[in-house]
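In what follows, a structure is listed as structure tokens, so that the remarks can point back to it.
The values are calculated or read from the model by the stated rules, or taken from the named source; none is laboratory data. Keep in mind that this is a model prediction, so the values were computed, not measured. Every residue, glycine as well, gets a Cβ built from its backbone with ideal geometry; the counts of neighbours run over all protein chains shown.
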Amino acid sequence: MISTKEAIQNAFIELLIHQEYTKISVSSITKTAGINRGTFYLHYKDKDEVLETIQERLFQELEQCVLRTEIPFSLDLSRSKELQYYMEQLFSYIEEYDHVFKILLLDENGISFSTNMNQMISKWLIDGFLPHPMMKLKEEIPKKILAKVAASTIVSFIKEWLYLENREPASKMAGYYLRIVMNNSVKR
């Protein structure tokens, strides 16, 4: 049995499938969740807090999934192979929850999910948790700029993948992404 908080979140996501964020009301959320307004306000102050909670949960789970990727130890393991393991985890997680990511990442109604995802991935790159060939391009280019560009390419690539009707599997997309960035990140 799901909790009331989960029922509210699920109702909110269901409404986002069919309506713009700005048109969703607390009343429509409570009606869809099958609860009364008082119950809603026991858990959330408004719809913005529901969205924040959903985003935070997705980002926490995504971070746990990606950053705790099991990398087999090998003296021969290249950074590109390591990046592929991380990217496969990233794409697999998004594939598992594609209905939510599709709504939040592809939404054009002011939901800042895409921006927040860019910031999270940028942080991973700056902190060195996620290997990426762009981070090694030029010493005179600040890491913060390289991280923003690399994160933007990852998020844009994911968005394009989510737009596709007949999507390739996560592992194949991770491989495509790696081939693209490895070819474009050769030191000059």
Which numbered condition Ile103 fails, given (1) more than 21 Å from Gln64 (Cβ to Cβ); (2) exposed (fewer than 14 other Cβ atoms within 10 Å of the Cβ); (3) modelled with pLDDT of 80 or more: (2)
Selection within region 82-91 - surrounded by fewer than 18 Cβ atoms within 10 Å (Cβ to Cβ) and either part of a loop (DSSP other than H, G, I, E, B) or at pLDDT 80 or above (or both): Tyr85
Neighbours by Cβ (under 9 Å, 6+ apart or cross-chain): first from region 81-110, of a type in the set (Val, Ile, Thr); second modelled with pLDDT of 80 or more and exposed (fewer than 15 other Cβ atoms within 10 Å of the Cβ): Ile103/Ile17
Region 54-72, residues that are among the β-branched types (Val, Ile, Thr) and within 14 Å of the chain's Cα centre (by Cα): Ile54, Val66
Every residue from region 121-140 that is modelled with pLDDT under 85 and either more than 14 Å from Tyr86 (Cα to Cα) or touching a strand residue (DSSP E or B) at 6+ places or on another chain (Cβ under 7 Å) (or both): Met134, Met135, Lys136, Leu137, Lys138, Glu139, Glu140
Cross-chain or 6+ apart pairs with Cβ under 8 Å, region 52-69 first and closer than 13 Å to Ser114 by Cα and free of Cβ contacts under 8 Å to residues at least 12 places away in the same chain, then surrounded by fewer than 16 Cβ atoms within 10 Å (Cβ to Cβ) and of a type in the set (A, V, I, L, M): none
Enumeration of residues in region 153-181 that are over 19 Å from Asp98 (Cα atoms) and either modelled with pLDDT of 90 or more or of a type in the set (A, V, I, L, M) (or both): Leu178, Ile180, Val181
Meets criteria (part of a loop (DSSP other than H, G, I, E, B) and surrounded by fewer than 15 Cβ atoms within 10 Å (Cβ to Cβ)) for Ile141: yes
Only listed residue being crowded, with 19+ Cβ neighbours inside 10 Å and either in a loop (DSSP other than H, G, I, E, B) or at pLDDT below 95 (or both), chosen from Leu77, Leu58: Leu58
Where a residue in region 111-134 is farther than 30 Å from Ile24 by Cα and in the same structural domain as Ile154 (by TED's automatic domain parsing) and its partner, wherever it lies, is at pLDDT below 90 and not in a helix (DSSP H, G or I), with Cβ under 7 Å and at least six apart: Trp124/Leu130; Leu125/His132; Pro133/Ser185; Met134/Ser185
